[in-house]
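Student: So that we are looking at the same thing, I have put the structure below in structure tokens.
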Amino acid sequence: MTEITEGQPAPAFDMATADGGRVSSAALGGKPYVLYFYPRADTPGCTAEGQDFSALADDFAAAGATVIGVSRDPVKKLDRFKAKYDLSVILASDEPGEVTGAFGVWVEKALYGRAYMGVERATFLIDGEGVVRRVWRKVRVKGHAAEVLAAVRSI
């Protein structure tokens, strides 16, 4: 498994998004961005995280950063999720798992003693040169978006 650490170049990506668009690292070149990985759309923790980042979307924009939520959900599910909760951040679909694999967040998890593979809740702050500046792993949702915003403002 790839372990992305601070100071490394971020892996390149190009993904489909809710609303029929695409987002790529190349198109974001020169500007900082936040990639937050979440396990599954329309679940309690993932919904709260999307709402928290959306509530601060204007602040992230004012700081010059784009926020992108990434899951392995299909685009149609992301469209419904975004509309249901009026989320304003970009939601990207990594259905094939290439981006979650490149960032090392496709991990073995355990639930009720059963092991399975899933997306680790993790966030990466990438600067305008494409370098990973901060990494948050095993994220706790409460207060996380505000913590990421403070980090964006410090780079």
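The values are calculated or read from the model by the stated rules, or taken from the named source; none is laboratory data. None of these values were measured; they are calculated from a predicted model. All Cβ positions, glycine included, derive from the backbone under ideal geometry; neighbour counts span all protein chains shown. Please note that ligands, DNA and RNA were not included when accessible areas were found on the heavy atoms of the full protein model with its side chains. Shrake-Rupley method; radii C 1.70, N 1.55, O 1.52, S 1.80 Å.
Student: Just give me the residues in region 107-155 being in contact with a helix residue (DSSP H, G or I) (Cβ under 9 Å, 6 or more places away or on another chain), assigned to a strand (DSSP E or B) and either open to solvent by 90 Å² or more (accessible area, probe 1.4 Å) or under 18 Å from residue 9 (Cβ atoms) (or both), in sequence order.
Tutor: Within region 107-155, 123, 125, 133, 134 qualify.
Student: Please determine, by comparing only the residues of region 55-70 that are small (Gly, Ala, Ser) and in contact (Cβ under 8 Å) with a residue 12 or more places away in the chain, which one is surrounded by the most Cβ atoms within 10 Å (Cβ to Cβ).
Tutor: Here the answer is 69.
Student: Between residues in region 119-138 that are of a type in the set (Asp, Glu) and residues that are part of a loop (DSSP other than H, G, I, E, B), which pairs lie under 6 Å by C-beta distance while being six or more apart or on different chains?
Tutor: What qualifies is 120/105; 127/32; 127/155.
Student: Considering only residues that are outside any loop (DSSP other than H, G, I, E, B) and of a type in the set (Gly, Ala, Ser), look in region 1-24 and name the one that is farthest from residue 105 (Cα to Cα). Give the steps one after another, and end with the answer.
Tutor: So the first thing to find is which residues in region 1-24 are outside any loop (DSSP other than H, G, I, E, B), and the list is 9, 14-20, 22-24.
Now drop any that are not of a type in the set (Gly, Ala, Ser), which leaves 16, 18, 20, 24.
Details: 16: 19, 18: 21, 20: 25, 24: 18 Å.
Across region 1-24, the extreme among qualifying residues is 20.
Student: Also: Evaluate region 25-38: report whether one residue or more is part of a helix (DSSP H, G or I) and not aromatic (Phe, Trp, Tyr).
Tutor: For region 25-38, residues part of a helix (DSSP H, G or I) and not aromatic (Phe, Trp, Tyr): absent.
Student: Which residue is surrounded by the fewest Cβ atoms within 10 Å (Cβ to Cβ), if the candidates are limited to region 7-54 and must be of a type in the set (Ser, Thr, Tyr) and in contact (Cβ under 8 Å) with a residue 12 or more places away in the chain?
Tutor: 24
Student: Does any residue of region 62-78 turn out to be in contact with a Gly (Cβ under 8 Å, 6 or more places away or on another chain) and part of a helix (DSSP H, G or I)?
Tutor: Scanning region 62-78 turns up at least one residue that is in contact with a Gly (Cβ under 8 Å, 6 or more places away or on another chain) and part of a helix (DSSP H, G or I).
Student: Here is a further query. Specify the residue that is surrounded by the most Cβ atoms within 10 Å (Cβ to Cβ); the eligible residues are those in region 79-106 that are of a type in the set (Phe, Trp, Tyr) and not in a helix (DSSP H, G or I). Let's see the steps before the verdict.
Tutor: Applying the first criterion (of a type in the set (Phe, Trp, Tyr)) to region 79-106 yields 81, 85, 103, 106.
With not in a helix (DSSP H, G or I) added as a condition, the list becomes 103, 106.
Numbers: 103: 24, 106: 20.
Residue satisfying both the conditions and the ranking: 103.
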